[in-house]
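**Student:** What follows is a structure written as structure tokens; I'll ask about it next.
The values are calculated or read from the model by the stated rules, or taken from the named source; none is laboratory data. As the structure is a prediction and not an experimental result, all values here were calculated from the model. Every residue, glycine as well, gets a Cβ built from its backbone with ideal geometry; the counts of neighbours run over all protein chains shown. Side chains included, ligands, DNA and RNA excluded: accessible areas come from the protein's heavy atoms. Shrake-Rupley method; radii C 1.70, N 1.55, O 1.52, S 1.80 Å.
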Amino acid sequence: MYAEKIKGLFCFGQNPAVGGPNAGKERSALEKLDWMVAVDLWETETAQFWKRPGVDPKKIKTEVFLLPACSSVEKEGSITNSGRWAQWRYKAVNPPGDARSDLWIVDALYKAIDKEYQAGGVFPDPITKLSWDYGTGKEIDPDKEPDPHIVAREVNGYFTKDKMVKGKLMKKGDQVPSFAWLQDDGSTCSGNWLYCNSYTGKNKKDNKMARRGKKDAGNNIGLFPEWSWCWPVNRRIIYNRASVDLQGNPWDKKRPVIKWTGDITKWSGGDVPDGGWAPGDKHPFIMKSDGHGQLWASSLADGPLPEHYEPLESPVNNLMSSQHINPAIKLWYKDAPEGNVLGDKKNFPIIGTTYRVSEHWQAGAMTRNQPWLAELVPNVFTEMSMELAQIKGIKSGDKVTIKTARGKIEAYALVTRRFKPFIVQNRTVHQIGIIWQFGYAGIAKGDSANILTSHIGDANTMIPEFKAFLCDINKIRRAA
Amino acid sequence: MTKHSVFQGRFIFYFLSAFALILICYRFINGLGAVTNLTDQYPWGLWVSIDILAGIALASGGFVIAGAIHFFGGHKFDQLYRVSLLTALLGYILFLIGLIVDLGRPWNILHVILSGNKIAPLYEISWCVMFYTFVLILEFLPILFEKRKMV
Amino acid sequence: MKSMLIDSTRCIGCRACQVACKEWNNLPAEKTEFFGGSGYQNPGRLSSKTWTVISFHEAETSTGDYDWIFAKQQCMHCLEPACAAACPVSALEQLKTGAVVYDPGKCIGCRNCQLVCPFDIPCFEWNKAVPEIKKCNFCVDRIEAGMEPSCSCACPTDAIVFGERENLLQKAEIRIANNPGKYVNHIYGRSEVGGTSVMHLAGVSFDKLGFRTNLSDSPVWDNAKPAMEAIPYVMTGLGTILGALAWFINRKTEIKAGKEVKND
């Protein structure tokens, strides 16, 4: 984006101006866009990057659109959690003003883009040949909400023509019962094979995600298989064949997950087995080539054996490895050095880390706009030990500047005994912790701690190193 | 009779009274916190003591003198009797005015009678103030009407 | 008699209770800057707009590190409330549910309740033309509908539980007995000032959490009550004696005047 290789950005519920590393550069990168569409419940820092403190809106060429989104209680649909449950939720109230669901917005976007492509374009087929009908007609209608049930049924998948599968005749239009029934000849379609089995019929009662059964499974381990639905095929615990021996008997007799009950009833009374084969037929870790669990993986960019590496900016030497930092991380300071300067431990001797408070959520748009939450934590602050505070002459409530090689912020200081200096390699090394959830928008405003962090991506996940960097801190002395 | 010299400094008091009247109006519009430094940690201010001192304490002196004269004095104390009664009455009236300004919700004052709480000291004080003021007015009425020879 | 048990050792300082209280009672947020007390405490104290607040206290843990311990400040809903005893117009009243509630229809705004409360709870609306006394009302409307107060409902760790006083006292005793060394062996509010509906358990001595530990077990009004109750009798008695004296003196004067007339 900074190198102007990306022209436009759709930003749905994201706030990289606060949550992105090296936030100063990220904000500058946004300025290089031709256009940006921000979809959010509030005008976040990202949505208003073009008028942020210190910039002249006249100098920014980006055309910014703000589409008001509605909250999860103002629309119907499913929410998937990290336990793989897809729970169906209902609309409680109408959204305010012109706010619309993401579904309505995407539906309207498609219709508008499709209309443009009718008049020609570089490659119109992928847009114009899409089957797209979610119950709102051909025109964009602000009062018609697309039907999330149509979407959910499509995600599950259906038969596009009559087909005989596993001895059963499936008719065109039937929902696909589970991913094992999906075909590779175009007779079925599915938005996501993982969700195949979530909506197995035409009626709302066939929406397994909407189930609220409170009956536990026969094994009584709190599985509650009829409460909502989880992917894949409502299997609540993955690789659960690892819970039985080669005869199919549970290792833990008091808390069995699955149990082989013989050739007729097979696996019954527990979770959906992760592979219905008879015991001993297949090893449990079915997605691994050898079926076994692994302590170390050969598919990672670094490893396979664990090793200690120091963060990119570190005040100490690596005593455990001759390789100071992870050799497989993405180092933007080399590829795109502008704004990605590294700090040395002489100028920035203090370890900086970032964390959260319960009172604010993520980049803060949802909570720093709430008066009761802004009352609890109204300003950005940094915590430090009594020892560091004494060295720097800082008291709780003082305003301080924190700077790294990439930028600087102001914050309140909170001096606490909960922080203690480290003694590393016979040296005292201090650390400060900064709340990262603040920005220039909202009721409760404050500088964003991510101005300080750097663009560096984890070797496998590209997650930035938000939690370890070098900085310096000083009390702000106002002129008398 | 010699001409009484009027206190020339009375203009200062007129000015102070006018200023006080403005403050009282401000107090009623913007609340007690706007004109006092009272807080939840200090809900009663020095003025309560001063109000009681200048009002009730002064009046109690009037009561004692008037009472003593009534029981043991003779007609030669008549002037003193009238002055002390007037002082006492003015003291109580001053106290009542101060009270109305100090109370946050003075319009509910009748509730001391309607829903009074017998074990509250302020209950006892309220009734005492009511009685004493009533008595003072009664005692003062003859002086008020004597010119009309109704007494 | 309903009660609330607040266990400081279970409290995580999330302030869901503070927000729940504001939400249920539609209280406005206060304008705050940084923090009002130790740790993340905000606002710094109770006020007419803040009926409960969590205070943060740094304490050393068994491993030599430091961590926070939390305490909840709010009206204790005393069984023998000093505020209700002091109020000349009976605007504060203790209900059968245990809640000490305020009736603005009677209140004269004398603020005597603020002076006598041993826990410094009642707050006044200093900046209003029509001011009221504000404090936690035990969510009496929720209690009467068979629900629990908003704060105890919101508490994610059950640090705040609500129920019958006898049951909660038992629960507290069991907790203390089953966890030797975890709790200070005292249920704060069991007997202080005659007992309160809101009771506290803690892992450190209560004075470290800002609680007053010099309160006697007798209700605040115990000393005043006999004196106040005697007043009508004293007044009547004095009135009779002085009346008799007055009559006697009058009689004496009249007789004297009569004798003079006779002698004339």
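**Student:** Determine the shape class of chain A: with a ≥ b ≥ c the square roots of the Cα gyration tensor eigenvalues, call it rounded for a/c under 1.5, and otherwise prolate if a/b is greater than b/c, oblate otherwise. Before the final figure, lay out the partial values.
**Tutor:** Details: a/c = 2.06, a/b = 1.39, b/c = 1.48.
Note, shape of chain A comes out oblate.
**Student:** Residues with amide H under 5 Å of A:Arg89's amide H, sequence separation 5 or more or different chain, H placed in the peptide plane at 1.01 Å from N; which?
**Tutor:** It is A:Gly77, A:Ser78, A:Ile79, by chain and number.
**Student:** Using 5 Å bins from zero, what percent of all Cα-Cα pairs in region A:185-323 falls into each bin?
**Tutor:** Result returned by the calculation: 2, 8, 13, 14, 13, 12, 11, 8, 7, 6, 4, 2, 1, 0.
**Student:** For the Cα atoms of chain B, what angle does the longest principal axis make with the long axis of helix B:121-145, in degrees from 0 to 90, nearest 10?
**Tutor:** For helix B:121-145, the angle is close to 30 degrees.
**Student:** Say the cut-off is 23 Å between C-alpha atoms; which of A:Lys445/C:Lys134; A:Lys58/A:Lys330; B:Lys118/C:Lys22; A:Lys7/A:Lys58; C:Lys72/C:Lys135 go over it? Kindly include the intermediate steps, with their values, before the conclusion.
**Tutor:** Numbers: A:Lys445/C:Lys134 30 Å; A:Lys58/A:Lys330 35 Å; B:Lys118/C:Lys22 35 Å; A:Lys7/A:Lys58 19 Å; C:Lys72/C:Lys135 14 Å.
Table pairs above 23 Å Cα-Cα are A:Lys445/C:Lys134; A:Lys58/A:Lys330; B:Lys118/C:Lys22.
**Student:** Using all C-alpha to C-alpha distances in the protein assembly as shown, build P(r) with 10 Å bins and read off the rounded percent in each one.
**Tutor:** Per 10 Å bin, starting at 0, the Cα pair percentages come out as 2, 8, 13, 15, 17, 15, 10, 7, 5, 3, 2, 1, 0, 0, 0.
**Student:** Taking R0 as 56 Å, what FRET efficiency do you get between C:Ile231 and C:Ile12 from their Cβ-Cβ distance, rounded to the nearest 0.05?
**Tutor:** Numbers: r = 51 Å, r/R0 = 0.91.
It comes to 0.65.
**Student:** So how tilted is helix B:10-30 from the main axis of chain B? Cα-based, degrees 0 to 90, rounded to 10.
**Tutor:** So the inclination is approximately 40 degrees.
**Student:** Once every DSSP H run of n ≥ 4 in chain C is given -39500 (n - 2.57) and the sum is divided by its residues, what mean residue ellipticity at 222 nm do you get, rounded to the nearest 500 deg cm²/dmol? Walk me through the numbers on the way to the answer.
**Tutor:** Numbers: 7 runs with 83 residues, N = 264.
Dividing the helical sum by the residues of chain C leaves -9500 deg cm²/dmol.
**Student:** Could I ask something else about it? What net charge is computed for the residues neighbouring B:Ala59, neighbours being all others with C-beta under 14 Å from the C-beta of B:Ala59, Lys and Arg scored +1, Asp and Glu -1? Could you put the intermediate results ahead of the total?
**Tutor:** Numbers: positive: none; negative: B:Asp51, B:Glu139.
So the environment of B:Ala59 carries a net charge of -2.
**Student:** For A:Phe422, B:Phe131, give the ranking by accessible area with the largest first, probe 1.4 Å.
**Tutor:** Details: A:Phe422 85, B:Phe131 110 Å².
Largest to smallest exposure gives the sequence B:Phe131, A:Phe422.
**Student:** Can you tell me which of B:Arg82, B:Arg105, B:Arg27 moves the most in a GNM of chain B? Springs connect C-alpha atoms under 10 Å apart.
**Tutor:** It is B:Arg105.
**Student:** Per-residue HN-Hα couplings for region A:417-426, Karplus 6.51 cos²θ - 1.76 cosθ + 1.60 at θ = phi - 60°, whole Hz, x for Gly and Pro?
**Tutor:** 7, 6, 9, 10, x, 8, 10, 10, 6, 6
**Student:** Let me ask another. Could you give me the ³J(HN,Hα) list for region C:228-236, computed from phi with Karplus coefficients 6.51, -1.76, 1.60 and θ = phi - 60°, whole Hz, x at Gly and Pro?
**Tutor:** Rounded to whole hertz, the list is 5, 5, 7, 3, x, 5, 4, 4, 4.
**Student:** State, to one decimal in nm, how far the label point of B:Gln41 lies from the label point of A:Leu305, with both points 7 Å from Cα in the Cβ direction.
**Tutor:** 6.3
**Student:** Compute the signed sum of charges (Lys and Arg +1, Asp and Glu -1) over the other residues within less than 14 Å, Cβ to Cβ, of A:Val380. Before the final figure, lay out the partial values.
**Tutor:** Numbers: positive: A:Arg356, A:Arg368, A:Lys399, A:Lys408, A:Lys445; negative: A:Glu45, A:Glu359, A:Glu383, A:Asp398, A:Glu410, A:Asp447, C:Glu33.
With Lys, Arg at +1 and Asp, Glu at -1, the net is -2.
**Student:** What is the antiparallel percent of DSSP beta bridges lying wholly in chain C, to the nearest 5? Write down the numbers at each step before the final one.
**Tutor:** Working: 21 of 25 bridges.
The antiparallel fraction comes to roughly 85 percent.
**Student:** Ok, one more. How charged is the neighbourhood of C:Glu173? Take every other residue with its Cβ under 13 Å from the Cβ of C:Glu173, and add Lys/Arg as +1 and Asp/Glu as -1. Could you put the intermediate results ahead of the total?
**Tutor:** Working: positive: C:Arg165, C:Lys171, C:Arg175, C:Arg190; negative: C:Asp7, C:Glu166.
Net of charged neighbours comes to +2.
**Student:** Okay, moving on. Consider all pairwise Cα distances in region A:325-480 and report the whole-number % of them above 21 Å.
**Tutor:** Working: 5948 of 12090 pairs.
Above the 21 Å cut-off, region A:325-480 has 49 percent of its Cα pairs.
**Student:** Carbon and sulfur atoms: what percent of the 1.4 Å accessible area of region B:39-147 do they account for?
**Tutor:** Using a 1.4 Å probe with all protein chains present, region B:39-147 comes out at 77 percent carbon and sulfur.
**Student:** Only counting protein heavy atoms at a 1.4 Å probe, give the residues of region B:118-133, ordered by number, whose accessible area falls by 20 Å² or more when the other protein chains are present relative to the chain alone.
**Tutor:** B:Lys118, B:Ile119, B:Ala120, B:Pro121, B:Leu122, B:Glu124
**Student:** If the cut-off is a Cα-Cα distance under 24 Å, which lysines reach B:Lys76, setting aside same-chain residues fewer than 8 apart in sequence?
**Tutor:** Correct list for B:Lys76: B:Lys3, B:Lys147, B:Lys149, C:Lys252, C:Lys256, C:Lys259.
**Student:** Now a separate question. In chain C, which cysteines lack any other cysteine Cβ under 4.7 Å from their own?
**Tutor:** Lacking a cysteine Cβ partner under 4.7 Å: C:Cys11, C:Cys14, C:Cys21, C:Cys78, C:Cys87, C:Cys107, C:Cys110, C:Cys117, C:Cys123, C:Cys139, C:Cys153, C:Cys155.
**Student:** Whole number in Å², please: accessible area per residue of region A:360-430, 1.4 Å probe, ligands, DNA and RNA not counted. Provide the component values of the computation, followed by the final result.
**Tutor:** Numbers: 3080 Å² over 71 residues.
Result: 43 Å² of accessible area for each residue.
**Student:** Just to be sure I understand: of the beta bridges DSSP finds with both ends in the protein assembly as shown, what percent are antiparallel, rounded to 5?
**Tutor:** Working: 57 of 83 bridges.
Close to 70 percent.
**Student:** What fraction of the DSSP beta bridges in chain A is antiparallel, stated in percent and rounded to the nearest 5? Could the numbers behind the result be given before it?
**Tutor:** Working: 36 of 58 bridges.
Among the beta bridges of chain A, antiparallel pairing accounts for roughly 60 percent.
**Student:** In degrees from 0 to 90, rounded to the nearest 10, what is the angle of the helix C:165-178 Cα long axis to the longest principal axis of chain C?
**Tutor:** 40
**Student:** Can you compute 3J(HN,Hα) from phi for each residue in region A:8-22, using the Karplus curve 6.51 cos²θ - 1.76 cosθ + 1.60 with θ = phi - 60°, rounded to whole Hz and x for Gly and Pro?
**Tutor:** Each residue of region A:8-22 in turn: x, 9, 9, 10, 8, x, 10, 9, x, 5, 10, x, x, x, 6 Hz.
**Student:** Determine which aspartates and glutamates satisfy two conditions relative to A:Lys5: a Cα distance under 16 Å, and not lying fewer than 8 residues away in the same chain.
**Tutor:** Candidates past the 8-residue exclusion: A:Glu26, A:Glu31, A:Asp34, A:Asp335, A:Glu338.
**Student:** Return the calculated 222 nm mean residue ellipticity for chain A, to the nearest 500 deg cm²/dmol, obtained by summing -39500 (n - 2.57) across DSSP H runs with n ≥ 4 and dividing by the residue count.
**Tutor:** Details: 8 runs with 60 residues, N = 480.
Computed ellipticity for chain A at 222 nm equals -3000 deg cm²/dmol.
**Student:** Rounded if a/c is under 1.5, else prolate if a/b is larger than b/c, else oblate: which is region A:340-406, with a ≥ b ≥ c the root eigenvalues of its Cα gyration tensor?
**Tutor:** Details: a/c = 2.97, a/b = 1.57, b/c = 1.89.
It is oblate, given that a/c is not under 1.5 and a/b is not larger than b/c.
**Student:** Still on this structure, please answer the following. With just the Cα atoms of region B:39-147, tell me how far they stretch along each of the three principal axes, in Å, largest first.
**Tutor:** 52, 30, 27
**Student:** Taking amide hydrogens as modeled 1.01 Å from N in the peptide plane, which residues meet the under 5 Å criterion relative to A:Val424, leaving out close sequence neighbours?
**Tutor:** A:Val429
**Student:** Quick one: among C:Asn112, C:Asn127, C:Asn179, which has the greatest mean-square fluctuation in a GNM of chain C with alpha-carbon springs under 10 angstrom?
**Tutor:** Greatest mean-square fluctuation among the candidates belongs to C:Asn127.
**Student:** Mind running the shape call on region A:252-385? Use the C-alpha gyration tensor, a ≥ b ≥ c as the square roots of the eigenvalues: rounded below 1.5 for a/c, prolate if a/b tops b/c, oblate otherwise.
**Tutor:** Numbers: a/c = 3.23, a/b = 1.61, b/c = 2.01.
Oblate, since a/c reaches 1.5 and b/c is not below a/b.
**Student:** Once Rh is set to the Kirkwood radius over Cα pairs, what Stokes-Einstein translational diffusion coefficient, in µm²/s, holds for chain C at a temperature of 4 °C and a viscosity of 1.567 mPa s?
**Tutor:** Details: Rh = 21.1 Å.
Approximately 61 µm²/s, per Stokes-Einstein.
**Student:** Based on the Cβ-Cβ distance from A:Ile286 to A:Lys205, what FRET efficiency comes out when R0 is 25 Å, to the nearest 0.05?
**Tutor:** On the way: r = 32 Å, r/R0 = 1.27.
E(calc), rounded to 0.05, equals 0.20.
**Student:** Using a 1.4 Å probe and counting only protein heavy atoms, arrange A:Lys91, A:Lys5, A:Lys208 so the residue with the most accessible area comes first. Can you show the working numbers first?
**Tutor:** On the way: A:Lys91 105, A:Lys5 175, A:Lys208 50 Å².
Solvent-accessible surface, decreasing: A:Lys5, A:Lys91, A:Lys208.
**Student:** Name the most mobile residue of B:Thr39, B:Thr87, B:Thr133, meaning the one with the largest mean-square fluctuation, in a Gaussian network model of chain B with Cα contacts below 10 Å.
**Tutor:** B:Thr39
**Student:** In what order, largest first, do B:Tyr81, C:Tyr188 sit by accessible area if the probe radius is 1.4 Å?
**Tutor:** Of B:Tyr81, C:Tyr188, the descending order of accessible area is B:Tyr81, C:Tyr188.
**Student:** Same structure, new question: How many Å² of accessible surface get buried when B and C come together, counting both sides, probe radius 1.4 Å, rounded to the nearest 100?
**Tutor:** For chain B against chain C, roughly 3000 Å² becomes buried.
**Student:** Filter the cross-link list A:Lys345/A:Lys420; A:Lys129/A:Lys166; A:Lys91/A:Lys208; A:Lys51/A:Lys408 down to pairs whose alpha-carbon distance in this structure exceeds 24 Å. Please list the in-between numbers first.
**Tutor:** Working: A:Lys345/A:Lys420 19 Å; A:Lys129/A:Lys166 31 Å; A:Lys91/A:Lys208 18 Å; A:Lys51/A:Lys408 19 Å.
Too far apart for the 24 Å limit: A:Lys129/A:Lys166.
**Student:** For an R0 of 35 angstrom, estimate the FRET efficiency from the Cβ-Cβ distance between B:Asp78 and B:Ile12 and round to the nearest 0.05.
**Tutor:** 0.60
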